[in-house]
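The values are calculated or read from the model by the stated rules, or taken from the named source; none is laboratory data. As the structure is a computational prediction, the values presented were derived from the model and not from experiment. Don't worry about glycine lacking a Cβ; one is built from the backbone with ideal geometry, like all the others, and counts go over all protein chains shown.
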Amino acid sequence: MKILQQLRDEGRADDMQALLASIPYARFLGMQVERKGNEITTILPFKDSLVGNVNLPAIHGGAIGAFLELTSVIQLLFDTSCERLPKTVDISIDYLRSGKPVATYGRAIVTRQGRRVANVRAEIWQDEKTRPIAAAHGHYLLTPV
Amino acid sequence: MNKDDLEHLPPHGEAIGMSLVSVVGRVCTVKVPYAEHLVGDPDTGIIHGGVITATLDNASGWAVRCHEDWATEMGMATLDLRIDYMRPAEPFKDLMVQAECYKLAKNIAFVRAVAYQDDIEDQVATSVAAFMLGTPNTPRADS
């Protein structure tokens, strides 16, 4: 059974935590999502396997990129009903500060949603939301229900 | 810098299962074997784009350190990374990344990379990255 269809059938189409739990790579990263009303925040708790630079230490740029991409996709699925998981067409990542060995939080906004393609911006931060450690914008192919 | 010096993997690279296959001139080749924990779509078994992002980022960083003008004591940090995804990676196949540092300037290094599986002409993704050079490699007092 397709995961998005299954969640819809169970009346949990907006249960993003259940969706994350079904994605092996999101489980591997240890990613979580918190919902307050119609706002969702993604969370990446720190763990040693996320480290890219052991001297600083700093979170790996790839893990940061993956977290930004997943944050974007989760927001997109929260806003839109899709048949399948959106496909990333491209993503452009700005690394703004080094990722310290603490929890990271993410928010995304769907800046434009067309019939087939959506534009999404995401930002992630640690101590202060106004001091993001990285930002991304990307395009995603959709399969609307 | 030669292959043995580079081979020290960051913990995240190790967790994904990356390994450095070869260093030829300014070109680094990196391999990630297919693994269950890398899957991004449970319906298809296709690995997540984040795995490709991490591998492109890591291989690009290695390519900078392969450049003949790279000085070992220099620190560096990814400034930006732009990735185009051409096609999904086929399940159960290794992912390969080839990265080349085509310009190492005073402050910035420029790298392009390509992710593929069997055939480098049949690309899974391509990327361009810029790295800031001479960044501190020890924790900053104020952060």
When you go through B:Val97, B:Val124, B:Val111 one by one, which is the residue that is over 27 Å from B:Asp41 (Cα atoms) and buried (at least 20 other Cβ atoms within 10 Å of the Cβ)? B:Val111
Considering each residue of region A:7-19, count those that are more than 11 Å from every other protein chain (Cβ to nearest Cβ), touching a helix residue (DSSP H, G or I) at 6+ places or on another chain (Cβ under 7 Å), under 20 Å from B:Val39 (Cα atoms) and touching a residue at least 12 places away in the same chain (Cβ under 8 Å), and give that number. 2
Subset of region B:39-86, residues within 7 Å of chain A (Cβ to nearest Cβ) and either of a type in the set (Asp, Glu) or out of contact with any helix residue (DSSP H, G or I) (no Cβ under 9 Å at 6 or more places or on another chain) (or both), comes to B:Asp41, B:Asp43, B:Asp57, B:Leu79, B:Asp80, B:Arg82, B:Asp84
Identify, please: which residue in region B:18-49 is assigned to a loop (DSSP other than H, G, I, E, B) and among the hydroxyl-bearing types (Ser, Thr, Tyr) and is, among those, modelled with the lowest pLDDT? B:Thr44
Quick one: how many residues across region B:50-84 are free of Cβ contacts under 8 Å to residues at least 40 places away in the same chain and either assigned to a strand (DSSP E or B) or touching a Pro at 6+ places or on another chain (Cβ under 9 Å) (or both)? 0
Whether any residue in region A:62-74 is at pLDDT 95 or above, within 26 Å of B:Leu79 (Cβ to Cβ) and in contact with a Pro (Cβ under 8 Å, 6 or more places away or on another chain) is what I want to check. yes
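Would it be correct to say that A:Asn38 is surrounded by fewer than 16 Cβ atoms within 10 Å (Cβ to Cβ) and more than 29 Å from B:Pro139 (Cβ to Cβ)?
Numbers: surrounded by fewer than 16 Cβ atoms within 10 Å (Cβ to Cβ): yes; more than 29 Å from B:Pro139 (Cβ to Cβ): yes.
Judged against the criteria, A:Asn38 is a match.
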Output the residue which, of all residues in region A:55-75 that are at the interface with another protein chain (Cβ under 7 Å from one of its Cβ atoms) and surrounded by fewer than 24 Cβ atoms within 10 Å (Cβ to Cβ), is nearest to A:Gly11 (Cα to Cα). A:Leu56
From A:Arg97, A:Arg107, which residue is surrounded by 17 or more Cβ atoms within 10 Å (Cβ to Cβ), closer than 28 Å to A:Ala58 by Cα and among the charged types (D, E, K, R)? A:Arg107
Taking the condition modelled with pLDDT under 90 and either under 28 Å from A:Pro24 (Cα atoms) or loosely packed, with under 15 Cβ neighbours inside 10 Å (or both), does B:Gly75 pass? yes
Residues that are farther than 18 Å from A:Ala136 by Cα: list the strands (runs of 3 or more DSSP E) wholly contained in region A:30-109 that include at least 1 such residues. A:32-36, A:39-44, A:51-53
All but one of (1) farther than 24 Å from B:Thr126 by Cα; (2) within 11 Å of the chain's Cα centre (by Cα) hold for A:Asp127, so report the exception by its number. (2)
Only one of (1) crowded, with 16+ Cβ neighbours inside 10 Å; (2) in contact (Cβ under 8 Å) with a residue 40 or more places away in the chain; (3) over 13 Å from the mean Cα position of the chain (by Cα) fails for A:Phe78. Which number is that? (3)
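May I ask you to verify whether A:Ala136 is modelled with pLDDT of 95 or more and either part of a loop (DSSP other than H, G, I, E, B) or under 21 Å from A:Gly30 (Cβ atoms) (or both)? Lay out the reasoning, then the answer.
Numbers: modelled with pLDDT of 95 or more: yes; either part of a loop (DSSP other than H, G, I, E, B) or under 21 Å from A:Gly30 (Cβ atoms) (or both): yes.
Against the criterion (modelled with pLDDT of 95 or more and either part of a loop (DSSP other than H, G, I, E, B) or under 21 Å from A:Gly30 (Cβ atoms) (or both)), A:Ala136 qualifies.
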